[in-house]
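The values are calculated or read from the model by the stated rules, or taken from the named source; none is laboratory data. If you're wondering where the values come from, they're calculated on a predicted model, not measured in any experiment. Backbone-built Cβ (ideal geometry, glycine too); neighbour counts: all protein chains shown. Calculation scope for accessible area: heavy atoms of the full protein, side chains included, ligands and nucleic acids excluded. Shrake-Rupley method; radii C 1.70, N 1.55, O 1.52, S 1.80 Å.
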Amino acid sequence: AQLMAQTMPSTPVQQRTLSVGDRLKKQFEDGGWYEGTITAMTPKGKYPYSVTFDDGDVETYTAAQLMAQTMPSTPVQQRTLSVGDRLKKQFEDGGWYEGTITAMTPKGKYPYSVTFDDGDVETYTAAQLMAQT
């Protein structure tokens, strides 16, 4: 799973409805928050909610587990990315690094170039930036 949250929530949302198509963030044992979508519901199953995370992992949960361990997430489609946008990205070392989207090549395999404040330049897809920043 890829880390995504730019800010870490302090408490999960306890009272909400759960529906197929809902986006959510779940905190895992490594302390990272991961984003996914409720993709199926089987009302009579032991774990009736299936969540497909953005990295492709699929896990099942009870409603109580989802209420206690997750928080709603903004749908990816509601966020836009533009040259000049500032962002924070968490890397494998656990550190958060700030950068700026400095270029966009719409037809490229990795269309967004991000120049981090330390001078490193990396390229990403829109989906990678949405899920990791």
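Can you say whether VAL51 is open to solvent by less than 80 Å² (accessible area, probe 1.4 Å) and modelled with pLDDT under 85, as far as the supplied structure shows? When the stated conditions are applied, VAL51 does not pass them. Going by what's in this entry, would GLY36 be described as open to solvent by less than 50 Å² (accessible area, probe 1.4 Å) and not in a strand (DSSP E or B)? When the stated conditions are applied, GLY36 does not pass them.
Annotation for the range 82-93: at least one member residue is farther than 21 Å from MET130 by Cβ, at pLDDT below 85, surrounded by fewer than 16 Cβ atoms within 10 Å (Cβ to Cβ) and assigned by the TED database to the domain that holds THR125. Summed over the range 1-28, the residues that are surrounded by fewer than 19 Cβ atoms within 10 Å (Cβ to Cβ), of a type in the set (D, E, K, R) and modelled with pLDDT of 80 or more give a count of 1.
Condition check ((1) open to solvent by less than 20 Å² (accessible area, probe 1.4 Å); (2) within 17 Å of the chain's Cα centre (by Cα); (3) modelled with pLDDT of 80 or more; (4) among the polar types (S, T, N, Q)) across all residues:
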site	(1), (2), (3), (4)
ALA103	no, no, yes, no
GLY108	no, no, no, no
VAL114	yes, no, yes, no
ASP117	no, no, yes, no
ASP120	no, no, yes, no
THR123	no, no, yes, yes
ALA131	yes, yes, no, no
